[in-house]
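Structure, as structure tokens:
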Amino acid sequence: MDTQLPSQHSGDDRPREKLCRRGAHALSDTELLTIALGTGIRGTSARAIAAEIVSVLDNQRGAVDVTALEAIKGVGQAKATLIAAMLEFSRRRIRPEGVKIRTAADVIPLLTHFADRKQEHFICITLNGAHEVIATRVITVGLLNTAQVHPREVFSDVITDRAAAVIFAHNHPSGDVTPSAEDIRATDLLCTAGETLGIAVLDHIIFSRRGFASLEEKGLIRRKARG
């Protein structure tokens, strides 16, 4: 049975009022950025601009390219630098690093803000030898397949982090978190690469706004038998 995520209410609440009533944790990334932007431009709402910014940030794998943000219609230098400063401040004050992962459920707080994405986001969480989080990165955006998750691309930052282990995750926009045959093939490919590099693949988690499924808990993480 797939595990359920905490419910997320939908509706047309204005982000500021929603934050005051329910707290910042209840807002999506787009809603949080809508508040930071304040206003949009003629013909384009702040929410629409915020959604485009989120898409750009998702593709930057944890980095913040101010030039790319400036290129978004309605952003400009002032708002681009505000966003870059806001994200860096957040990293310094509220960091996922050091969070110890014991079960798949421990990973979910690092993933829930990706659950509303309209495309699949493939995410890599690097861990140290004590299974504490080093970093969480979006690796690719788009339909997951074995061509897209090339081990060289996936493990480059893992090696830079000097990680001892990794957990992969991706969202299913349909809401159905049942692992597909392609999900399992891609996971097998990455497990094989991890074994070659001496980096343990602990899990691959599929999640949506409805819940999540752990390939490890389902017995679908295939590791080479040790002789």
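The values are calculated or read from the model by the stated rules, or taken from the named source; none is laboratory data. Treat the numbers as computed from the prediction; the structure is a model and nothing was measured. All Cβ positions, even for glycine, are placed from backbone atoms using ideal geometry, and neighbour counts span all protein chains on display.
The table below gives the values:
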{"item": "ALA169 vs. criteria touching a residue at least 60 places away in the same chain (Cβ under 8 Å), within 20 Å of GLY194 (Cβ to Cβ) and within 15 Å of the chain's Cα centre (by Cα)", "result": "yes"}
{"item": "Candidates ARG222, ARG137, filtered to the one that is part of a loop (DSSP other than H, G, I, E, B) and of a type in the set (Lys, Arg)", "result": "ARG222"}
{"item": "Breaking point among (1) under 19 Å from LEU197 (Cβ atoms); (2) in contact (Cβ under 8 Å) with a residue 60 or more places away in the chain; (3) outside any helix (DSSP H, G or I), for ASP157", "result": "(3)"}
{"item": "The listed residue being modelled with pLDDT of 90 or more and assigned to a loop (DSSP other than H, G, I, E, B), out of THR146, THR187, THR178", "result": "THR178"}
{"item": "Total residues in segment 121-131, condition touching a residue at least 40 places away in the same chain (Cβ under 8 Å) and over 10 Å from the mean Cα position of the chain (by Cα)", "result": "3"}
{"item": "Verdict on VAL138 being in contact with a helix residue (DSSP H, G or I) (Cβ under 9 Å, 6 or more places away or on another chain), under 23 Å from ARG209 (Cβ atoms) and touching a residue at least 60 places away in the same chain (Cβ under 8 Å)", "result": "yes"}
{"item": "Residue within segment 196-205 that is touching a residue at least 24 places away in the same chain (Cβ under 8 Å) and not in a strand (DSSP E or B) present", "result": "yes"}
{"item": "Failed item in (1) touching a strand residue (DSSP E or B) at 6+ places or on another chain (Cβ under 9 Å); (2) more than 20 Å from VAL138 (Cα to Cα); (3) acidic (Asp, Glu), with ASP58 passing the rest", "result": "(2)"}
{"item": "Single residue of segment 55-82 satisfying the filter (assigned to a helix (DSSP H, G or I) and acidic (Asp, Glu)) that is modelled with the lowest pLDDT", "result": "ASP58"}
